[in-house]
1. Is it the case, given these coordinates, that Ala567 is crowded, with 17+ Cβ neighbours inside 10 Å, touching a residue at least 24 places away in the same chain (Cβ under 8 Å) and farther than 26 Å from Phe615 by Cα?
2. Limited to segment 400-434, what total is found for residues that are farther than 23 Å from Met630 by Cβ, open to solvent by 10 Å² or more (accessible area, probe 1.4 Å) and among the polar types (S, T, N, Q)?
3. In segment 110-128, is there at least one residue being assigned to a strand (DSSP E or B) and of a type in the set (Asp, Glu)?
4. I'd like the residue in segment 653-695 that is small (Gly, Ala, Ser) and over 30 Å from Asp44 (Cα atoms) and, out of all such residues, is nearest to the chain's Cα centre (by Cα).
5. What tally of residues in segment 498-522 results from selecting those that are among the hydrophobic types (A, V, I, L, M, F, W, C), under 17 Å from Trp540 (Cα atoms) and either at pLDDT below 95 or under 14 Å from the mean Cα position of the chain (by Cα) (or both)?
6. Can you name every residue in segment 281-295 that is touching a residue at least 40 places away in the same chain (Cβ under 8 Å), assigned to a loop (DSSP other than H, G, I, E, B) and closer than 28 Å to Glu478 by Cα?
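The values are calculated or read from the model by the stated rules, or taken from the named source; none is laboratory data. The model shown is predicted, which means the values in this text are computed figures rather than measured ones. Here the Cβ is made from the backbone with ideal geometry for all residues, glycine too, and neighbour counts use every protein chain on show. All accessible areas refer to the heavy atoms of the entire protein, side chains included, with ligands and DNA or RNA removed. Shrake-Rupley method; radii C 1.70, N 1.55, O 1.52, S 1.80 Å.
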Amino acid sequence: MKNWHIALITGITGAVALAVGLLIGHYAILKHGNAEQGHDSIGDIDESLIQHFMSEIDNKRIEDNLRELSEKPHMATTKGDIDLVKLMLDRWQNKETGLDEAKKVTYNVWLSFPQKDKPNSVTVVLPNGTELFKSQMKEKNYTKDQLDPDVVQPFAAYAPAGTPKGRLVYANYGTMDDYQHLNQTIDLKNTIAIVKYGGTGRGNKGINGAKFGVTGVIVYTDPADINDGKTSDKNETYPHSWYLPPSGVERGSYKLNFGDQLTPYYPAKDYTFRQAESDVKGLSPIPAQPIGFEDARQLICAQPKVPMAHIEPTGFEIPEQGREAQLREVGDQLGMNLQNDLEFGRDISRKNGGNHAERCNSRLCHWGHKQDSQKLTACCFDCSEVQVNVFNKREVKPSDNVIGVIRGSVEPDRYVIYGNHRDSWVHGAIDPSSGTAVMLEITRVMGKMVKEGKWRPRRSIIFGSWGAEEFGLIGSTEWTEEYYKKLIERTVGYINVDIAVFANATLRASGSPAVQSVVFDAAKQVSAPGHSDLSVYENWMKHSNRTSALHGLIPNLGSLGAGSDYAPFFHYLGISSMDIAYTYDKTKTKARIYPAYHTGYDTFDYASRFIDPGFTSHQTVGRTAGNVLMRLADSVILPLNIRDYSEAIDQLYNTAERDFAPELLRQNISLDPLHSAVKKLKEAAEGLHTRISELRDQQVRHVIYASKNSDVETFPGLADAYQRALANGNAWDDVRKHLTVVTYTLESAASTLEAVI
């Protein structure tokens, strides 16, 4: 009896497979052809539907979305985050504009938080414990947003708790090279390193330092890297411009690997084995704490002369000769106003009896001089030490993804995935709510089209609102680990829109070389903000371009690192992926990212005034990303160009040959096998491209029912091939081919219906 049930289920499954096989057979129906039995749904993309979709994307709705999404801080697993989970579910379950399905998927993940009752800090203390300096506990308030009690104090997630104390050394960006350079002349054991963001990952700054005996790390955002040198909140920084105020602190995750660190390669579910915290790799072994550049200025300015003589804040070694002139330049870059330093020194001296400099053996910091060459004192702290006070706690907490689905009409078991994380460090108006606001507008328009019967994609579309991304791409990684086999076999592409808008100058897209053509096609159909006669593609090429051996001058599609939720899909599963955003003009600013990144100033006010007034760049990203999404979901033949991939691989080989070949030859290592493989791939890619481009009626793939030119009511491909052969006596091979197609399809369908092979 049990076997009978299995046979029945197999038969039903086989019947379904037969239906699907016939629908996506070798030839099918033209969208506007003489369709039989209502099979219009299997046609190729409908450009009029894409145009309709783009016309419906509303910048005011995106603005309203962003206002609601960024109203409260919503760090992962906090009340603000949980409230946004409910918002996403409400939107995607809406009866008029919602999706076919929306659900919450929860993982129990390992996170790290500061303690409200024991705030982290950086202090300067005398041997007797007297505190000379303490870093600011909160960022300065300019709007009501910073007054919200749920604003998390600045901290370095996953940095271990501890209170190390020692001499302060300036270590540039905290790279291995930086520490090695310092270690040549300074004993770094038991020191505290102050470093700038950038140059290497956050986690590496402590990992690298610990190898040289550094016991604590202080990290700050240098105004030369983020603010184009602007430092004054009186007229230069927010709220007067987009630049970061002096007290702004960049929060972040200080670990190297993405995903939940206790459950590598497995989803963080209740049933999952969790390794010991002591076995986790890629975490900083020493305490770390981020501070604002205002506090960093005080610490750097007050350093003793000896450590400062080896690496200056510019990253260059400054010899003793000409030192003072160069230090003035350093001071300008860091916003170190000497008069302010003097006032700071006097304040400290007054607090400590007025003779602090004398008690420190009158050592002087050489930060410049007056015309009479009189040296200036900036309170050197020579007889004091810097202490990093970190009280972070690590704990396992439930974090939610929200998954929405539009089922495909023809290939429902093939997925196009569009994702964006939901959690932020504070209000997160730009990161990530700009992306979430755009995604909600895309799903509103697409959901409405589906509900009204105007459209249903060929393939299924999955939308992911990922949780706990800021802690290291956790939500997306756990989901890919849980559905690893299904996703790796069925997903045709992943679109990531994290920060939708950095600024309003130009499109910035990165991705697998295979997605270049579909991104270009979409960008050509969207107008640049404020320019009805200029496409996003044309504007993009003005700002960033390259010369391609295949295409000539084209926009530059960047490569994907590991900075957002595309990483588990692209690097782990190998799925063709892309990341789309609007960004700034690099000729007008040298900022490594938008200045309020990961700070308490990333608010709706900041976004609406300085990032994208009018939200037209958000609208442009929505139109472009949605256009790409529809093309991947509806094209009969996936719009992925393998020739572009082979060109990229060819370039990689040429670089390897140029840079490595001479030394490899001396080591008797040959690049010939690699060159042969690259050449073979290139030839195969060209062949595939030719076969696709030469297909007649490539939209027509249905073997049994399709439009045809012949009047004979039989298999359409066979009937048309027969008619052509009668008119051209040399075309009978085409008849043999179509006869093979029909025979093979029916034989395959029959074998599928049989109980056993």
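1. Yes: the conditions hold for Ala567.
2. 0
3. no
4. Looking at residues that are small (Gly, Ala, Ser) and over 30 Å from Asp44 (Cα atoms), I get Ala656.
5. Counting residues in segment 498-522 that are among the hydrophobic types (A, V, I, L, M, F, W, C), under 17 Å from Trp540 (Cα atoms) and either at pLDDT below 95 or under 14 Å from the mean Cα position of the chain (by Cα) (or both) gives 4.
6. Gly282, Ser284, Pro285, Ile286, Pro287
Results for (1) assigned to a strand (DSSP E or B); (2) touching a Gly at 6+ places or on another chain (Cβ under 9 Å); (3) over 26 Å from Val151 (Cβ atoms), shown as yes or no for each residue.
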| site | (1), (2), (3) |
| --- | --- |
| Gly80 | no, no, no |
| Met88 | no, yes, no |
| Asn94 | no, yes, yes |
| Leu99 | no, yes, yes |
| Tyr107 | yes, yes, no |
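So that you can scan it fast, the table gives a plain yes or no per residue for (1) among the aliphatic types (A, V, I, L, M); (2) in contact (Cβ under 8 Å) with a residue 24 or more places away in the chain; (3) open to solvent by less than 40 Å² (accessible area, probe 1.4 Å):
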| residue | (1), (2), (3) |
| --- | --- |
| Asn141 | no, no, no |
| Asp145 | no, yes, yes |
| Met176 | yes, yes, no |
| Leu182 | yes, yes, yes |
| Ile192 | yes, yes, yes |
| Gly209 | no, yes, yes |
